[in-house]
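In what follows, a single structure is set out as structure tokens and then discussed.
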Amino acid sequence: MEPKDLSDRLRCENRQESLLPEGVRVNVPKVASAHRPQTKPKLGQHFLDSEDAAIRIVDALGDILQSTVLEIGPGRGILTSLLAKRARRLIAVELDRVLAAQLRLKFGMSRNVEVIEADVLTIDFESLFGPKPGLGRPGIEVKPEPVKVVGNLPYYITSDILLRLFAFSKYFDSIVIMVQKEVADRIAAEPGGSDYGILSATAQLNARVENLFTLPPGDFAPPPKVHSSVLRLTIDPQQEKLGVAGDGFIDFLRLSFGQKRKTLWNNLKENYEAASLKRALAEAKVKPTARAETLSLEESAAVYRALRNTQSES
């Protein structure tokens, strides 16, 4: 992770070969990746280099003896080595071609390890974790096996990766990620604080967030200029509970946090008629002068529901 300014922009965009004989290949077929990226982003890799830290991160996943684990950005494989000894099935997704090849060589004989050379934003999770054709029976719904996720996420695509995972949350149980401390603070921030924003709201709309521990630069090679934090996100979607199922609420949150120094009224007035907005805020008992970062998810949902009802009546 390189130390750069973080942008809270959220977007959800659509962004494998073995060295072993075909009969003993353990890599996932190429269908697992929707398409190969045309260009590779600057990776800015800082590899975890502390065995103690690696153990703590893997321990945060809990008992994985009977679990499938998806590892994002395994790099040189310090977490992969521990996961391979504990997990029933491990799928490691690595974008860097050289690192992916090295991982295949290192874990080629580990039957429970699969290496995919791909951008995690393009992985077809439906093909990877969904029901296999021909195995289902009419009238019987096959519940997908919950998958645990772990990874060291680059700062510049943390939001994108989380949104991608949340979009397929039916396949995931928990997510343990290591990110730049500044990003972790924003993800775990409570309403009312300066760190609370669209990233916080989106993460907490989909999961219970725990800020577990922080790692110093010396735990990485080469050492970055920032600290890193490890978070555990236990999937727990709140959309149904809040009455905001569908994609519209995320768009509403983006508008609400559009310009942080502006009031909620000023951020929303370009997209809603003044009368409807005034009525909705009053119904939700939210002051027009309030800012989005001061509202709980319940309060934001109340405003959104009131606006939706007002529009349906007009």
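The values are calculated or read from the model by the stated rules, or taken from the named source; none is laboratory data. What you see is a predicted model, and the numbers here were worked out from it, not measured in a lab. Cβ: placed from backbone, ideal geometry, glycine included. Neighbour counts: every protein chain shown.
Being on the phi < 0 side of the Ramachandran plot, in the same structural domain as Phe47 (by TED's automatic domain parsing) and in contact with a Gly (Cβ under 7 Å, 6 or more places away or on another chain) is a description that applies to Leu103. When Ile64 is tested against (1) assigned to a loop (DSSP other than H, G, I, E, B); (2) at pLDDT below 95, just one condition goes unmet, and that condition is (2).
Each residue in segment 117-168 was checked for being small (Gly, Ala, Ser), under 13 Å from the mean Cα position of the chain (by Cα) and modelled with pLDDT under 95, and 2 of them qualify. Among the numbered conditions (1) in the same structural domain as Ala54 (by TED's automatic domain parsing); (2) touching a helix residue (DSSP H, G or I) at 6+ places or on another chain (Cβ under 8 Å); (3) surrounded by fewer than 22 Cβ atoms within 10 Å (Cβ to Cβ), the only one that Ile161 does not meet is (3).
Yes/no per residue for (1) buried (at least 19 other Cβ atoms within 10 Å of the Cβ); (2) of a type in the set (Lys, Arg); (3) outside any loop (DSSP other than H, G, I, E, B):
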site: Ser276; (1), (2), (3): no, no, yes
site: Arg279; (1), (2), (3): no, yes, yes
site: Ser300; (1), (2), (3): yes, no, yes
site: Arg305; (1), (2), (3): no, yes, yes
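So in segment 260-274, with the set limited to residues that are within 32 Å of the chain's Cα centre (by Cα) and in a helix (DSSP H, G or I), which one is surrounded by the fewest Cβ atoms within 10 Å (Cβ to Cβ)? Filtering first and then ranking leaves Asn266.
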